Every structure is written in structure tokens, then in C-alpha cells.
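Taking it in order: structure first as C-alpha cells, then the write-up.
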Amino acid sequence: MKQRASARSATGKRVPSPRRRRDARTPPALAILGAAPAFAEQLHVGRPNIGDRGRFLARLNDILDQRWLTNRGEYVIELERRIAQRVGVRNCVLVANGTIGLELLIRALGLGGEVIVPAFTFVATAHALQWQEITPVFADIDPETHCLDPRSVETAITPRTTGIIGVHLWGRPCAIDELAEIAGRHKLKLMFDAAHAFGCSHGGRMIGSFGEGEVFSFHATKIVNAFEGGAIVTDNDELADRLRLMQNFGFRGYDRVVYLGINGKMSEVCAAMALTNLESLEAFVERNRANYFAYARHLAGLPGMQLFRYDERHRSNYQYVVTVVNDDAALTRDELVTVLHAENVMARRYFHPGVHRMEPYRSYFPDAHRLLPCTEQVCRQVMVLPTGPALSEEDVAAVCGVIRTALEHGASVRERLAQLQRPNPRE
Ligand code: T4K
């Protein structure tokens, strides 16, 4: 797929990598030190999965032939049925994106006052509350799971708390049972942001079937994508009925509005894309899993850096390859990201600097970081690497080779990075 700048000749034939021909006196073959980048094209985190193009185009043609483009057409109905069946819940309500799904579920559950959330998440989790003038209260995470630490949640509860939103970050289930116990004891509503967790399970049950309801994202970068899209899943029929009204202006029938609503609908073309991708889900997961274990092999034994672990007792979709760069590693996480970007490996610092350090939260809660030591540490150390069906094991080996070389030559890399930051007196 990607032609590696240094690994193929002009005719596309593989040639011995110049990296291997260098002797001890030549500088390490890193782009940041002047070598050609390891990849001729950028490798991205979150490259969209594209299922069977023919199946999608056939569906697209059918939509155009039928001239039924949105407002609960047959593709939306079919996708809702398939998701509910796969997750094992009674109801699936498709929405325009995951964020609006969170907003609708929060509102339909009647949350208000304060709601406890992690600060180590995509900003949408907190925005979905603040947008409705509900205060997100940030609890700390467990550094091993990167998900809410139930002990921190317990200490964050006040008389104004009405709910808890657990986030299954990276597709790894959060402490569902412990959070359910706390919510039950304090009479709080519990819901989950399952944006990363489609196709994942916990204790033999699919993610999507826990709490009052859960929200998936089908954004372009997710394991199943609808271009843009999301779904709210719940076993509660009455809640699902309210959600359906809310996402369609409150309409019950042609001209009868019975509830306050907005427009949160998914269109037919988005549903057709998600249906097509759903048919390839197992293949996507298999490729991600293979890439994940290739990264594990190629990064094994590297001092100062670990791969985030998925709990093999549960089903994972492996859509994120998450690494943790220790504070005492030869290079910091940020230095490694700069090195990788120079090689066209577009590693990401998800979710730096932490939601509590983003606006408006940093202005509202300037001291929040004091109560979030594990969040602070993980925000500083996490680096997410490219994966997905477009990436081969050879690509993974090359990415890991760059990381290994950079860490082995940490001192010269750091010196070069410092040089690059110094203003050039001739400019
Ligand atoms: N809760 C959680 C925990 C979430 O992670 C998210 C979304 C949500 C809630 C909200 O769900 P949605 O409302 O989005 O359905 C991306 C996504 O935009 C966002 O959906 C996702 N989480 C988040 C983790 O990642 P950015 O700001 O990193 O996106 P961007 O544009 O930098 O894209 C990421 C990479 O993907 C790029 O390096 C390039 C590549 N890419 C992206 C797009 C859109 C492509 O190759 N093709 C594309 O079409 O947020």
C-alpha cells in the first residue's frame, strides 16, 4: 500500500533498506536527523474503514431510485433492527452523530445539576452536558484501564449530583459493575459513552446493554462508520419512545407535535454506509487485532514504553493502538510524536491536554487538575499509533523501527529537536 520512500526502487521493486546499510558512524536513519521519511504518504490514526464498495454503491443507487433520502427510510429502519439484535437490546435509535446521541440521552434521562464524567475522554462527553447547562464534574481515572476510577467517582458525589457517565475508552469496558453499584446506592442515573466500543463486550454481554442507555459513534474514524452517525441503545421502551420524539422535532404523526424536539436524525445514505461497514465488522476487527499484536511483538522489551492492554476476557475491537511513554523514557511522548510526524506517521496525543484543561472547563474549574493526578499523567504519556485494514504488518514493523531507533538515540534526537526550536539568526 503505502510506498515506503526508502524501501522500494523507482520501479516499485523492494530494495534493501538503506537503514540497514548504515554503519555506526553514520547518524541514525531518522527523518528528523535528515534521512528520507520512512513513509512516502502519511499514515493516519482513524483512517476510515471502507467495506464492500459495490454493496454501498448498489444501496446508494437504490436510495436515489426510491427518492427516499431521510426521515426514517428503510435503511435507517434496517440498521436500527440489526444493531439492536447484535447488541441484544430492545431499542436502537439512530442519530446524526455520537455527540447529539449523548445530548439526547442526557436530556431524556432528566439529568441536571452535576453529572460525573472522566476528563480523559474526547471533549464531546463533557460538552454534551455543558451545552445543556449541566455541570460536568471530573473524576479521576484508573491508570491501568484509562477509565473512571470508582473510588474517585464516589468522592465526587454531592447533593447536586444526578448521574454518572462512564466512558468505555479505547473500547475497553469501564468499571461497569462498580459504577452500577455506586449509582444504585446514591440513586443516580448511570449511562455510558460507548463511542469507541461498538462490537466490544463485558462479562459475556455486549457493550450497549448496560446502564439506562449507551451511545455509539459511527463517525468516519470509528470501527463502523456512517460518514457521520451515532446510535442510542436501551432496553427501556418508554425512554426509546421519548428519544425518537426528541430526535424528530417532537413529531408523532404528520402534523402532531407532542414533545420538545430537535433534528437529530440519521440520513439514508449514512445508514447505507453503516450497514455496508457492519457487514465487514469481523474482518475489520481481525485486521486491527493482527496489527495490535504485531505492534506488541515489535515494541516488546522497549525500555520506557508500553502498549495499552485490552482485557482478553472481553471482546475488543482493537480500533485504537494506544501506547504509554513513561516519564523516564529516553524521549518524552511529545518528542516521539514530533519524530514520528517527520516520518509521515501521524501519531496522535489523544486526549491531550485533558478536557479539564480545555475551554470552557479550564476557566470554570482552574484547580481541577489537583484532583486528577492519574488523568494528568495519562494525558502526558499517551500516544496513539495508526492501525486499520490499510496498514500491513510491514508498516507496523517500520513504525516500531522508527520508535526503537529514536529511543536508542534519544540524546541526539533531543539535541536536534532543541536546535529546530532555536530561532535561526540568519532568518
Ligand atoms: N465520545 C467519545 C469518547 C469520542 O471519542 C467521540 C468522538 C464522541 C463521544 C463523539 O462522537 P461523534 O459526535 O464524533 O460521532 C476524531 C473524531 O472526529 C471524533 O469522532 C472522535 N471521537 C475522536 C476520537 O477522533 P479528531 O479531532 O481527532 O478528528 P480528525 O479530523 O483529526 O481525524 C482523525 C484522523 O483521522 C486524522 O488524522 C485523519 C483521519 N481521517 C479523518 C477523517 C474525518 C481520515 O483519514 N479521513 C476522514 O474522513 O476527532
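Each helix, a run of at least 4 DSSP H residues, gives -39500 (n - 2.57); summed and divided by the residues of the chain, these come to -11000 deg cm²/dmol at 222 nm.
Placing a pseudo-label 7 Å from each Cα along the Cα-to-Cβ vector at MET358 and ALA40 gives an inter-label distance of 3.6 nm.
When you restrict to C-alpha pairs under 8 Å that are six or more residues apart and normalise by the size of the chain, the relative contact order lands at 21 percent. State whether region 339-392 is rounded, prolate or oblate according to the following rule on the C-alpha gyration tensor (a ≥ b ≥ c being the square roots of its eigenvalues): a/c under 1.5 gives rounded; otherwise a/b larger than b/c gives prolate, and the remaining case gives oblate. Because a/c hits 1.5 or more and a/b exceeds b/c, region 339-392 counts as prolate. Over region 30-124, all Cα pairs binned in 5 Å intervals from 0 give whole-percent P(r) values of 2, 8, 10, 14, 16, 13, 11, 9, 7, 6, 4, 1, listed from short to long.
Taking a virtual spin label 7 Å from the Cα of ARG160 along the C-beta vector, which residues in region 362-391 bring their backbone nitrogen under 14 Å of it? In region 362-391, the label zone of ARG160 (backbone N under 14 Å from the point 7 Å along Cα→Cβ) covers 364-366.
Taking Lys and Arg as +1 and Asp and Glu as -1, the other residues whose beta-carbon sits under 11 Å from that of GLY354 total +2.
Using equal-weight Cα scatterers in the Debye expression, the normalised intensity of region 270-386 in log10 at q = 0.15, 0.20 Å⁻¹ is -0.85, -1.13. Using 0.36 nm per residue and subtracting the Cα-Cα separation, the extra length available between GLU178 and GLU279 on full extension is 33.0 nm. For the pair region 292-371 / region 201-227, the C-alpha centres are spaced 22 Å from each other.
Averaged per residue, the chain has 46 square angstrom of accessible surface, using a 1.4 angstrom probe with ligands and nucleic acids left out. Would you work out if region 379-427 is rounded, prolate or oblate? Take a ≥ b ≥ c from the square roots of the eigenvalues of the alpha-carbon gyration tensor; rounded if a/c is under 1.5, else prolate when a/b is larger than b/c, oblate otherwise. Since a/c reaches 1.5 and a/b is larger than b/c, the shape of region 379-427 is classed as prolate.
For the chain, the pair-distance distribution built from all alpha carbon pairs, in bins 20 Å wide starting at 0, is 25, 52, 22, 2 percent. May I ask for the angle, rounded to the nearest 10°, between helix 410-421 and the longest principal axis of the chain, with both axes built from Cα atoms and the value confined to 0 to 90°? Tilt of helix 410-421: around 80 degrees. The listed peptides 343-356, 406-419, ordered by packing as a protection proxy, come out as 343-356, 406-419 (highest mean of other Cβ atoms within 10 Å first). Working from label points 7 Å from Cα in the Cα-to-Cβ sense, the GLU74 to ARG370 distance is 6.2 nm. Peptides 156-162, 202-208 ranked from most to least packed give 202-208, 156-162, packing being the mean of other C-beta atoms within 10 angstrom over each peptide's residues. Apolar share of the accessible surface for the chain: 52 percent from carbon plus sulfur atoms, 1.4 Å probe.
Unpartnered cysteines of the chain (Cβ-Cβ under 4.7 Å counts as a partner)? When partners are defined as cysteine Cβ atoms under 4.7 Å apart, the chain leaves CYS92, CYS200, CYS270, CYS374, CYS379, CYS400 without one. Between the Cα long axis of helix 53-66 and the first principal axis of the chain there is an angle of about 30°, rounded to the nearest 10.
The values are calculated or read from the model by the stated rules, or taken from the named source; none is laboratory data. Fair warning: this is a prediction, and the values are worked out from it, not measured in the lab. When we count neighbours, we look across all protein chains shown, and the Cβ atoms used for this are built from the backbone with ideal geometry, even at glycine. Note: accessible area is taken over every heavy atom of the protein model, side chains too, but ligands, DNA and RNA are not part of it. Shrake-Rupley method; radii C 1.70, N 1.55, O 1.52, S 1.80 Å.
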